[in-house]
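The values are calculated or read from the model by the stated rules, or taken from the named source; none is laboratory data. These numbers come from a predicted model, not from an experiment. Cβ placement follows ideal geometry from the backbone for every residue including glycine, while neighbour counts extend to all protein chains displayed.
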């Protein structure tokens, strides 16, 4: 069981395998991209590279009350995506995730697990990246 | 220029020249070591050592001078005897390594090396004495010495290891002058060595003149009538300026050979250390790439060659067992592919295992498997541990340039790593402009001229303007891209864009000028958005989106063609309605009401989405929108519609749960034709409003 980065998005708890996470920082100002899909908040320069920033809440279909303030940069399938999140709550092990429920709407979860009494959705990062990859559409 | 600055510049020139000469010495020494040397090799080795010594001595680099001198003495003797003992190559290669380290400032102690070289020289002198005794006075050998001064007798003591650097000489002539004069007389083409900073300055200046030209054109465009003389002169100047700019940009292009110099040496050393026999071949070395790309490429090629030699090529014994030639082969190949260049590092080694091929199948491709960060530690590929080293860096580099990395390999049959890189796309001249508070750019090559939009005509019901006798469609960039932006000012700047055989006019808020920028790709996430070719970071930290010129002309042409649909509209057909609403249930409710009443309906989830739909679908006759939506709300959407020349008269109905008078006023002020609240929502009212607005 590997390590996970735990984040909160619109009050819900999610976790990403740590090997996909490159860095976490302030969301800051984003450059809007007219014509892009709704979940794309804009682009940002992260260490000289242009990184698309995706509203993780919107991608997962959770309604957010307040605008996200943090940026988590992840990598999979050879490219990078920034995710707007509320905050990172910790890094560590999780229990073995259970199989996703039938009614998992977005299909982007590898499973869910109870950790310290909190239900944590474990994100299927390659699947998320696949759904975001414009070359596959 | 201050004395210190002049000195620093000289030191830079010296470093560049010495490195180049050391590369050439390595090439010659490797040739001699493998038995391919000749009299010219020794002459050229001697000349390089001699020149490095002279320049180092003038600049006061005593340690470099001493070592170059020791090498020169040996080479003088070889020239004298006409015999180059093969075991002499190794100490001389050590000397070039040490010189390279000194020149780059990572000096190592050279005491041992100097005494080794002195010993080599003494041994040579003994051989010479023997040979002279045997051959008699005429036996000066195959390689005739032509400089009596350099054929110094062996009794000269080797130079002592320097302890104190000599005082710097400030009045020294540029050391490069001597070298380039020599090269110029022997080479077919006269070349000039120029510091990179000066070249960059030339490019910046050319870009700046471009900017002044755009401003001049803009200023002149405000005058009603340009005299023929003025536009002739302006045209001629513009063409010359383009030529200047192309030439300057061309100077950034360098052949791959500019970075392959040290590679044969690196391959030899790596192969020796790994106990492999390797033949290294470079093909297509004259293929040109942008200097900036080349600089980063150099380090990555080292990674790839290391992988090929250490992990790809088998030992001679293994190769014999596999019925392959003892000597492995590593090839670096550069092949131009249109606007891209393919750089291939190929080896005929063991390739990847069948398990790796299988794993690659699951991952999608070999490249995505092997370039995964930390890949080499994966359990299933322990036999290839290390093969992935650096490939993630290679992939990141290639991707950052908008290129592509692919890897071909079969078990037992070697591996090919293919980097597809843009020729010079990374640097591009763009015209920067602002719209809605954000900066955009378009390729300067697509900009014909910049004028001020004074008089707008309409053609087929769409805005158009006459440019040099041709009527061109005029489109607000905000409309083209589907962004929410306040209406344009009275006389907006208008950019005449040409792509292929199409021309169109794009309007914006203001022009920022032309600039040479580094184009960064937007990556796979935005790959399906063909409107942009990339983005660039501006000096003030802002990001400019670079719009594809084809988008500007194509969309404008489509917009212009819209009012005259190819299929004549069926007069009985009901007008199409766009419903914009972020709530799924409200959206579907409105859709069913309108569809039941006979209207075709398309939907959008928010204002931004709606603008994109409007862009795609020219048939939409009315918009029904929610007020509160993410991204672009109903007020902003209404403003964007009103701001667009093409759709300024498109009816908009705002439907919202916010029923206050203030909201209603804001909606009407933004240009909405009707405002109705959800609380008093009734199907008949909606249908009545819609019918009134579409005239049914």
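Would you please name the residue that is modelled with the lowest pLDDT, looking only at residues in the stretch B:588-614 that are more than 14 Å from chain A (Cβ to nearest Cβ) and closer than 24 Å to residue A:36 by Cα? Spell out how you get there, then give the answer.
Start the filter on the stretch B:588-614 by keeping residues that are more than 14 Å from chain A (Cβ to nearest Cβ), which leaves B:588-602.
Those still in the list that are closer than 24 Å to residue A:36 by Cα too: B:588, B:601-602.
On the way: B:588: 72, B:601: 87, B:602: 88.
Here the answer is B:588.
Filter the stretch B:510-539 for residues that are over 13 Å from residue B:444 (Cβ atoms), surrounded by fewer than 21 Cβ atoms within 10 Å (Cβ to Cβ) and either out of contact with any strand residue (DSSP E or B) (no Cβ under 6 Å at 6 or more places or on another chain) or touching a residue at least 24 places away in the same chain (Cβ under 8 Å) (or both) and give the result.
Within the stretch B:510-539, B:510, B:518, B:527, B:528, B:529, B:530, B:538, B:539 qualify.
Could you go through the stretch B:626-644 and let me know if any residue there is surrounded by fewer than 16 Cβ atoms within 10 Å (Cβ to Cβ), assigned to a helix (DSSP H, G or I) and modelled with pLDDT of 80 or more.
no
Does at least one position in the stretch B:243-252 carry a residue that is touching a helix residue (DSSP H, G or I) at 6+ places or on another chain (Cβ under 9 Å) and more than 18 Å from residue B:203 (Cα to Cα)? Quick ask: steps written out before the conclusion?
If we filter the stretch B:243-252 for residues that are touching a helix residue (DSSP H, G or I) at 6+ places or on another chain (Cβ under 9 Å), which is where we start, we get B:244-245, B:247-249, B:251-252.
With more than 18 Å from residue B:203 (Cα to Cα) added as a condition, the list becomes none.
There is no residue in the stretch B:243-252 that is touching a helix residue (DSSP H, G or I) at 6+ places or on another chain (Cβ under 9 Å) and more than 18 Å from residue B:203 (Cα to Cα).
Of all residues in the stretch B:496-536 being facing chain A (nearest Cβ under 10 Å), part of a strand (DSSP E or B) and at pLDDT 80 or above, which is farthest from residue B:478 (Cα to Cα)?
For the stretch B:496-536, the residue satisfying everything is B:536.
From the list A:51, A:120, which residue is within 11 Å of chain B (Cβ to nearest Cβ), buried (at least 18 other Cβ atoms within 10 Å of the Cβ), at pLDDT 85 or above and not in a helix (DSSP H, G or I)?
On the way: A:120 fails: within 11 Å of chain B (Cβ to nearest Cβ).
Criteria check complete, one pass: A:51.
From (1) buried (at least 18 other Cβ atoms within 10 Å of the Cβ); (2) facing another protein chain (nearest Cβ under 8 Å), pick out the condition that doesn't hold for residue A:59.
Looking at each condition in turn, residue A:59 falls short on (2).
Is at least one residue of the stretch B:576-587 surrounded by 18 or more Cβ atoms within 10 Å (Cβ to Cβ), assigned to a strand (DSSP E or B) and within 14 Å of chain A (Cβ to nearest Cβ)?
Going through the stretch B:576-587, the residues surrounded by 18 or more Cβ atoms within 10 Å (Cβ to Cβ) turn out to be B:577-582, B:587.
Checking which are assigned to a strand (DSSP E or B) leaves us with B:577-580.
Going one step further and asking which of them are within 14 Å of chain A (Cβ to nearest Cβ), we end up with B:580.
Yes, the stretch B:576-587 contains at least one residue that is surrounded by 18 or more Cβ atoms within 10 Å (Cβ to Cβ), assigned to a strand (DSSP E or B) and within 14 Å of chain A (Cβ to nearest Cβ).
Against the definition (more than 13 Å from chain A (Cβ to nearest Cβ) and either over 17 Å from the mean Cα position of the chain (by Cα) or within 12 Å of residue B:431 (Cβ to Cβ) (or both)), how does residue B:550 come out, yes or no?
Details: more than 13 Å from chain A (Cβ to nearest Cβ): yes; either over 17 Å from the mean Cα position of the chain (by Cα) or within 12 Å of residue B:431 (Cβ to Cβ) (or both): yes.
Against the criterion (more than 13 Å from chain A (Cβ to nearest Cβ) and either over 17 Å from the mean Cα position of the chain (by Cα) or within 12 Å of residue B:431 (Cβ to Cβ) (or both)), residue B:550 qualifies.
List the number of the failed condition for residue B:433; all other conditions in (1) modelled with pLDDT of 75 or more; (2) buried (at least 19 other Cβ atoms within 10 Å of the Cβ); (3) assigned by TED's automatic domain parsing to the domain that holds residue B:312 hold.
In the conditions (1) modelled with pLDDT of 75 or more; (2) buried (at least 19 other Cβ atoms within 10 Å of the Cβ); (3) assigned by TED's automatic domain parsing to the domain that holds residue B:312, residue B:433 misses (3) alone.
Can you confirm whether residue B:414 is away from chain A (no Cβ under 11 Å), crowded, with 19+ Cβ neighbours inside 10 Å and modelled with pLDDT of 65 or more? If you could, list the steps in order and put the result at the bottom.
Working: away from chain A (no Cβ under 11 Å): yes; crowded, with 19+ Cβ neighbours inside 10 Å: yes; modelled with pLDDT of 65 or more: yes.
So residue B:414 fits the description; yes.
Which of the residues that make up the stretch A:1-29 are facing another protein chain (nearest Cβ under 10 Å) and more than 17 Å from the chain's Cα centre (by Cα)?
Just the residues of the stretch A:1-29 that are facing another protein chain (nearest Cβ under 10 Å), to begin with: A:19-20, A:22, A:29.
Answer for the stretch A:1-29, where residues must be facing another protein chain (nearest Cβ under 10 Å) and more than 17 Å from the chain's Cα centre (by Cα): just A:29.
Condition check ((1) at pLDDT 90 or above; (2) under 15 Å from residue A:123 (Cβ atoms)) across all residues:
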site: A:21; (1), (2): yes, yes
site: A:27; (1), (2): yes, no
site: A:30; (1), (2): yes, no
site: A:40; (1), (2): yes, no
site: A:43; (1), (2): yes, no
site: A:76; (1), (2): no, yes
site: A:84; (1), (2): yes, yes
site: A:100; (1), (2): no, yes
site: A:108; (1), (2): no, yes
